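Here the structure comes first, spelled out in structure tokens, and everything after it is commentary.
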Amino acid sequence: MRTHVFRPTVPGKYPGLVLWSEIFQATGPVRRTAALLAGHGFVVAIPEIYHEFEEAGVALAYDEAGTKRGNDLKTTKELSAYDSDARAALDFLKNSEHCTGKLGTVGICIGGHLAFRTAFNPDVLAAVCFYATDIHKRSLGQGMNDDSLDRLVEIQGELLMIWGRQDPHVPREGRQIIYNALADHDINFQWMEFNAAHAFMRDEGPRYNPQLAQTCYQMALQVFARKLGEGDLS
């Protein structure tokens, strides 16, 4: 599994983050997100989510063909393979000479859903999910019948869930399903909704909202600094 690593140039050990991409894999916007996070003191790993189907290093284009390919592979890959990829990425970071062993995860679009599932691992202290798709529809993976809502009780770390209210992929009713499930099971989470479209964090294309993106990055960094640093030690 090709995994792109971004880390501070200053020698030392830093907390680790698994960054899950959109359906297009490690594109320019995703790599710039990784560089931003690394610049704030994290070792960031971006696994290629479709490594079983695409050559190493492939990033799909932000066009109709790339969108179709990414969406087709999203429901071709087995759900268990997403989970084993997550465990492998976490272990890779944990065993890295550059990592403190404290782990978090962050994801965008399908990556938000994958970060949500990565948080099922007990060593994940914090997860940030940007407009996570398909959780409310239970439609991730082969067979389009995932168990993310059923397994959320396994989450032991803190969640930050961020949404765009004008996102057609996760409408109000879908967001309500997710919110109620988290609240009903007393999961430790924060919930933010903004007046924004899907992919408002992506710094390419007409939906990009740089002001909101900056706000969201600051919120994410605050959670990671607190949970993966020393802020929550009793």
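Just so it is clear, none of the values below were taken in a lab; they were calculated from the coordinates. Please read these numbers as outputs of a predicted model, since none were measured by experiment. In this analysis, Cβ positions are derived from the backbone assuming ideal geometry, glycine residues included, and neighbour counts consider all displayed protein chains.
Working note: Cα atoms of the chain, range along each principal axis, descending, whole Å: 42, 42, 36.
Quick one: if the Förster radius is 22 Å, what FRET efficiency do Arg207 and Ser139 give, using the C-beta to C-beta distance and rounding to 0.05? In this case the efficiency is close to 0.50.
I need the shape label for segment 89-222. Rule: rounded when a/c is under 1.5, else prolate if a/b > b/c, else oblate, with a, b, c from the alpha carbon gyration tensor. Could the numbers behind the result be given before it?
Numbers: a/c = 1.62, a/b = 1.16, b/c = 1.40.
Since a/c reaches 1.5 but b/c is at least a/b, the shape of segment 89-222 is classed as oblate.
The helix-based estimate of mean residue ellipticity at 222 nm for the chain, built from -39,500 (n - 2.57) per DSSP H run of four or more residues and divided by its residue count, is -11000 deg cm²/dmol to the nearest 500. Debye calculation, C-alpha points only, no solvent: report log10 I(q)/I(0) for segment 1-106 at q = 0.10, 0.19, 0.24 Å⁻¹, in the same order as the q values. Values, matching the q order: -0.28, -0.92, -1.28.
Restricting to the chain, what percent of DSSP beta bridges are antiparallel, rounded to 5? Kindly include the intermediate steps, with their values, before the conclusion.
Values: 4 of 30 bridges.
The answer is about 15 percent antiparallel.
Could you give the length gained on full extension between Ala81 and Arg172, defined as 0.36 nm per residue of separation minus the Cα-Cα distance, in nm? Intermediate values should be presented prior to the final figure.
Numbers: separation 91, 0.36 × 91 = 32.76 nm, distance 2.96 nm.
Extra length from Ala81 to Arg172 when fully extended: 29.8 nm.
Expected output is a single nm value to one decimal: the length gained when fully extending between Ala65 and Glu52, i.e. 0.36 nm times separation in residues minus the C-alpha distance. What is it?
On the way: separation 13, 0.36 × 13 = 4.68 nm, distance 1.89 nm.
Roughly 2.8 nm would be gained on extension.
For the cross-link pairs Lys94/Lys227; Lys77/Lys137; Lys68/Lys94, the ones whose C-alpha atoms lie over 23 Å apart are Lys68/Lys94.
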